[in-house]
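Some notes on the structure that comes next.
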Amino acid sequence: MEHLVRTLQRHRALALRPPPDRAAAWSITAMSLTLLVGGVSPALGQTQPVDPVEQGATPMDKIDMSEPQPTQPVVPSAKPQEGSAFINDSKFGGELRSFYFNRGKYDDTHSEAWALGGFLSYQSGYLANLLRFGAVAYTSLPLYAPDDRDGTLLLKPGQEGYFVLGQIYGEIKLADGVFGAFGRKEYDTPYIAKHDVRMTPNTFEGATVYGKMGGKDGAPELRFGGGYISKIKEKNSDEFKWMSTVAGAGVDRGVFLGGANYAQKEFSVGAIDYYSDDIINIFYTEAKYFLPLAPTTKLSFAGQYTDQRSTGNNLLTGSEFSTGAWALKSDLTLGATVLTLAYSSTRSGSNMFSPWSGYPGYTAVQVKDFNRANEKAVMVKGGYDFSALGAKGLSAYALYVNGSGVNAPLFNEREADFNVQYALQAGALRGTSFRMRYAHITQKGGGDPTINDFRLIVNYDF
């Protein structure tokens, strides 16, 4: 702990002396990343295989309303435990994160920052096998944050650091596999999700019921959940605001949601609905089918559909609207290689809305969502897990998305992304992962300007 405090003090001191040029910035970055991961007690490392789902997106078969931030598993004792399970089954966890972000925009301005932070989490055991509590505190501190390069979402507006108790909740065991929760916590659904793609995730305030049944030994699995979400803490904020306010309406409204996903062997299907009075109704459904072709070969097909429309007094846009989008996707797994082809189409009524998560569309990627009115998009993607070549924990992917159909005065866009990540599997730094992401976006028209988006992330779970 003393080493961690001294390390944070060194980083904070660096923030007071911004590097005079880019070369110096990279030199300090490399040195400080070494300080970040060096000398910290080892923890469990996890291999990160190629995943065809975009970072931050939540498909229906992965909806999760129950889990808090990762916590250290309880180590079974050789002797029978005495005392209360409320204390004995408590779990603690945490993560250090360092994140550098640099985006050059269409208008030749930049957003740039380098931050250090993470979280500490606690979850109690059950009291009387009925009730348990949890809390997660988050922080993000500036290491390099020029005043004229705001907008990275790593820090608060004005390039300011923050600390927030983002989760503090109670969870009630209602029945076997069925739980209720109240307070502030994470949720992972397609349109209300943590969307953990910066320093800290979205978290939410409300009351919910959720659960998971079946799924063992090939039996069908049912995931379900619903409730009322009143407020959201956005990913670079220390405040909880009304869901309607964050969506863009000047009133205080929450969101009712409910949905379920059914999966049996290679097939899954699910749907979920979000309703905010006078604001918006979002209905989302998705189905998947996996076709095993050989021991290391698998072909999957997926389809999704979203319908969005105004409700009540139309306070979101001031007038009635209705729009929607559908998409198809196929993934071919060939051993360590994953190839993906996807197509999406948005109706002409309006751009799609996604105010409380990242957009879950199959062609939504690092920077662009390709979900504007009348927009069509095609994505091709290839990923490879280098574990097969002896580099366990190393994987990479590249993708390209071409958008079309957008009406003037807007322009069509295309995006190319490259991602490489590596998770240490052994040694004193086990539990450390590195990720580099790069995106290049070109606007087709208006002088053909470009966006270049570069991100470097280091995580250490302990």
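Numbers for the structure displayed
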| read-out | value |
| --- | --- |
| Close pairs from region 434-462: first closer than 21 Å to residue 407 by Cβ, partner of a type in the set (Asp, Glu) and modelled with pLDDT of 95 or more, Cβ under 7 Å, at least 6 apart | 441/413; 441/415; 442/413; 442/448; 443/413; 444/413 |
| Complete set of residues in region 378-398 that are assigned to a strand (DSSP E or B) and either at pLDDT below 95 or over 13 Å from residue 50 (Cα atoms) (or both) | 378, 379, 380 |
| Residue count for region 99-110, restricted to those that are buried (at least 18 other Cβ atoms within 10 Å of the Cβ) and in contact with a helix residue (DSSP H, G or I) (Cβ under 7 Å, 6 or more places away or on another chain) | 1 |
| Some residue of region 190-202 being touching a helix residue (DSSP H, G or I) at 6+ places or on another chain (Cβ under 9 Å) and at pLDDT 95 or above | yes |
| Residues satisfying the stated conditions in region 425-456, i.e. among the aliphatic types (A, V, I, L, M) and crowded, with 19+ Cβ neighbours inside 10 Å | 439, 441 |
| Residues of region 253-267 satisfying the condition of being in contact with a helix residue (DSSP H, G or I) (Cβ under 8 Å, 6 or more places away or on another chain) and not in a strand (DSSP E or B) | 253, 254 |
| Condition met for residue 222 (of a type in the set (A, V, I, L, M, F, W, C) and either within 20 Å of the chain's Cα centre (by Cα) or part of a loop (DSSP other than H, G, I, E, B) (or both)) | no |
| Residue in region 285-298 that is surrounded by 21 or more Cβ atoms within 10 Å (Cβ to Cβ), under 25 Å from residue 180 (Cβ atoms) and not β-branched (Val, Ile, Thr) present | no |
| Subset of region 275-302 that is of a type in the set (S, T, N, Q) and part of a strand (DSSP E or B) - its residue that is farthest from residue 257 (Cα to Cα) | 297 |
| Single condition residue 250 does not satisfy, out of (1) outside any strand (DSSP E or B); (2) under 20 Å from the mean Cα position of the chain (by Cα); (3) at negative phi | (2) |
| Enumeration of residues in region 226-249 that are of a type outside the set (A, V, I, L, M) and within 17 Å of residue 281 (Cα to Cα) | 226, 227, 228, 230, 231, 242, 244, 245, 248 |
| Some residue of region 294-314 being acidic (Asp, Glu) and under 30 Å from residue 50 (Cβ atoms) | no |
| Restricting region 313-358 to residues that are aliphatic (A, V, I, L, M) and assigned to a loop (DSSP other than H, G, I, E, B), the residue that is surrounded by the fewest Cβ atoms within 10 Å (Cβ to Cβ) | 336 |
| In region 401-438, residue farthest from residue 95 (Cα to Cα) [restricted to those that are in contact with a Leu (Cβ under 8 Å, 6 or more places away or on another chain) and in a loop (DSSP other than H, G, I, E, B)] | 430 |
| Condition check for residue 366: in a strand (DSSP E or B), over 26 Å from residue 322 (Cα atoms) and either at pLDDT 95 or above or of a type in the set (Phe, Trp, Tyr) (or both) | no |
| Extreme residue, nearest to residue 219 (Cα to Cα), among residues of region 250-302 that are modelled with pLDDT under 95 and touching a Gly at 6+ places or on another chain (Cβ under 7 Å) | 265 |
| Of all residues in region 359-390 being of a type in the set (S, T, N, Q) and under 25 Å from residue 152 (Cβ atoms), the one that is surrounded by the fewest Cβ atoms within 10 Å (Cβ to Cβ) | 366 |
| Flag for residue 173 being at pLDDT 95 or above and touching a strand residue (DSSP E or B) at 6+ places or on another chain (Cβ under 9 Å) | yes |
| Cβ pairs under 7 Å, 6+ apart, first in region 104-121 and outside any strand (DSSP E or B), second surrounded by fewer than 22 Cβ atoms within 10 Å (Cβ to Cβ) | 105/451; 106/443; 106/449; 106/451 |
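The values are calculated or read from the model by the stated rules, or taken from the named source; none is laboratory data. The shown structure was predicted, so the numbers you read here are calculated from the model rather than taken from an experiment. Reconstructed Cβ throughout: ideal geometry from the backbone, glycine too, with neighbour counts over all protein chains shown.
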